[in-house]
Amino acid sequence: MLGVVIENVLLRDLQLPDTLKQAIEAKQQAQQEAQRMEFVLQREKQESERKRVEAQGIKDFQNIVTEGISAKLLEWKGIEATIELARSNNAKVVVVGNTKTGLPLIFSGDK
């Protein structure tokens, strides 16, 4: 039996039905939308992680500062502030009477 074997055929100007074209385009759009949503989710996860790291840094800072603050340090800072206020040119009145530390509640004096 004698026959022809076709190994390659070049098709030119192939026209697909409109419904098939629309189905292909819809599938491509759906794939692009899915990729876009994956990108958005990844970006949001990265932002969430950034905020978590920032919050941990703030917490660590607050813990360090809190450990370093004592009642004696606060009292000393109050004394320093009182001295600076007493040296101010705007000072006019002194009200003394914080019963716990003896520091002025309001200090204003005139030079």
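Nothing in this text is a laboratory measurement; each read-out follows from the coordinates by a stated rule. From a predicted model like this one, the values you see are computed outputs, not experimental measurements. Using ideal geometry, Cβ is built from the backbone for each residue, glycine included, and neighbour counts are taken over all protein chains shown.
Details
- Taking 9, 40 and counting other C-beta atoms within 10 Å, the order from fewest to most: 9, 40
- Gain on full extension, evaluated as 0.36 nm per residue between residue 53 and residue 90 minus their Cα-Cα distance, stands at 8.8 nm.
- The dipole here belongs to region 19-68: it is taken about the Cα centre, uses +1 on the Cβ of Lys and Arg and -1 on the Cβ of Asp and Glu, and is about 240 debye.
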